[in-house]
Amino acid sequence: MPQIIDGKLISTQIKDELKEKVAKLKEEGKEITLAVIQVGNDPASTVYVGNKKKACEYIGINSLAYELPEETTEAQLLEIIDELNNNDMVNGILVQLPVPKHINEEKIIDAISPLKDVDGFHPQNVGKLSIGQKGFVSCTPAGVIQLLKRSNIDIDGKECVVVGRSNIVGKPMSVLLLQENATVTICHSHTADLKEVTKRADILIVAIGQPKFITSEYVKEGAVVIDVGIHRNENNKLCGDVDYDDVFDKVSAITPVPGGVGPMTIAMLMNNCVESAL
């Protein structure tokens with residue numbers, strides 16, 4: 001029976017540890033405030049923002065919510081970010097992505113102070129990560145590392161394959177695995193013989209945005225499989241990038257969807273918020 005990696009449980013452990021840290025900071029007279037900006041009312045974004053607010057409340061962080069209409073201009077959004085950058089009471093700034101099409105996402109990410117960029121998306125933080133300097137790390141890949149470590153899965157010396165090369169997951173994921181002394185391969189839509197590459201993986205991390213794409217044919221016997229994807233299938237049930245039922249009997253450990261990587265992203269965001277105050 002494979003180990004089912006419980007992201008809900010591990011994320012709660014992390015949030016409880018952070019709760020204690022926040023209580024101690026409050027005793028020292030330090031408050032932590034996260035500003036969350038959402039432009040428009042994309043339903044998925046609204047759910048994420050709600051979850052982030054709940055997590056803030058749980059660990060004792062103040063949250064400022066900016067719910068802006070769809071027609072908010074880029075200039076107006078940049079003005080709010082500038083105000084928050086200069087507000088000493090605000091430790092972290094998060095703009096919920098995606099933003100409406102008339103707003104340049106890159107410009108928005110660049111405008112957030114790297115010292116308040118709790119999403120870990122600013123080029124300065126990405127650069128720091130790639131050369132091993134301290135900075136904010138993108139929350140989902142940081143969460144995956146915690147899932148592995150807290151499930152007693154050794155990364156050192158393992159062959160790790162990351163499927164997907166996005167700036168938010170794939171690329172930072174590969175750097176974090178390298179920092180843990182793994183041998184890392186990144187695959188993408190142009191990879192030849194994808195199955196042959198993924199079948200080498202001791203740890204397979206999938207973030208490609210295609211429902212149930214990875215079947216047992218892609219997986220080595222006894223591999224650890226981490227599924228970063230989240231979709232709704234034809235029956236409106238949540239599923240991941242991995243065909244969970246198909247690979248289940250072949251793996252030694254696997255993350256379910258939901259309840260695997262998802263809760264970890266918010267836990268690591270909270271971790272970054274606490275770090276921003278230290």
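Conditions (1) touching a residue at least 60 places away in the same chain (Cβ under 8 Å); (2) in a loop (DSSP other than H, G, I, E, B); (3) more than 11 Å from Gln3 (Cα to Cα); (4) among the hydroxyl-bearing types (Ser, Thr, Tyr), marked per residue:
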position: Glu217; (1), (2), (3), (4): no, no, yes, no
position: Lys220; (1), (2), (3), (4): no, yes, yes, no
position: Val225; (1), (2), (3), (4): no, no, no, no
position: Gly229; (1), (2), (3), (4): no, yes, yes, no
position: Asn236; (1), (2), (3), (4): no, yes, yes, no
position: Val247; (1), (2), (3), (4): no, no, yes, no
position: Pro256; (1), (2), (3), (4): yes, yes, no, no
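Which residues, counting only those in the range 258-277, are of a type in the set (Val, Ile, Thr) and not in a helix (DSSP H, G or I)? Val261 - this is the single residue of the range 258-277 that is of a type in the set (Val, Ile, Thr) and not in a helix (DSSP H, G or I). Taken across the range 51-61, residues that are closer than 25 Å to Leu176 by Cβ and of a type in the set (Lys, Arg) do occur, with at least one present.
For the range 197-231, a residue qualifies if it is surrounded by fewer than 17 Cβ atoms within 10 Å (Cβ to Cβ), basic (Lys, Arg) and out of contact with any strand residue (DSSP E or B) (no Cβ under 6 Å at 6 or more places or on another chain), and exactly one does: Lys199. Return yes when Val219 is in contact with a helix residue (DSSP H, G or I) (Cβ under 8 Å, 6 or more places away or on another chain) and closer than 30 Å to Leu18 by Cα and no when it is not. So Val219 fails the test.
Of all residues in the range 54-66, those satisfying the criterion of being over 19 Å from Lys21 (Cβ atoms) and either surrounded by 17 or more Cβ atoms within 10 Å (Cβ to Cβ) or modelled with pLDDT of 95 or more (or both) are Leu64, Tyr66.
Inspection of the range 145-156 identifies no residue that is closer than 20 Å to Cys273 by Cβ and touching a Pro at 6+ places or on another chain (Cβ under 9 Å).
Is it the case that some residue within the range 241-249 is under 12 Å from Leu147 (Cβ atoms) and buried (at least 24 other Cβ atoms within 10 Å of the Cβ)? Within the range 241-249 (the criterion being under 12 Å from Leu147 (Cβ atoms) and buried (at least 24 other Cβ atoms within 10 Å of the Cβ)), the answer is no, since none of the residues qualifies.
Quick one: count up the residues across the range 69-91 that are of a type in the set (A, V, I, L, M, F, W, C) and buried (at least 18 other Cβ atoms within 10 Å of the Cβ).
So the count comes out to 5.
Can you tell me how many residues within the range 249-278 are within 15 Å of His231 (Cα to Cα) and among the polar types (S, T, N, Q)? Number satisfying all stated conditions: 1.
The values are calculated or read from the model by the stated rules, or taken from the named source; none is laboratory data. Just so it is clear, the model here is predicted, and its values are computed rather than measured. Positions of Cβ are generated from backbone atoms using ideal geometry, with glycine treated the same way; all protein chains shown enter the neighbour counts.
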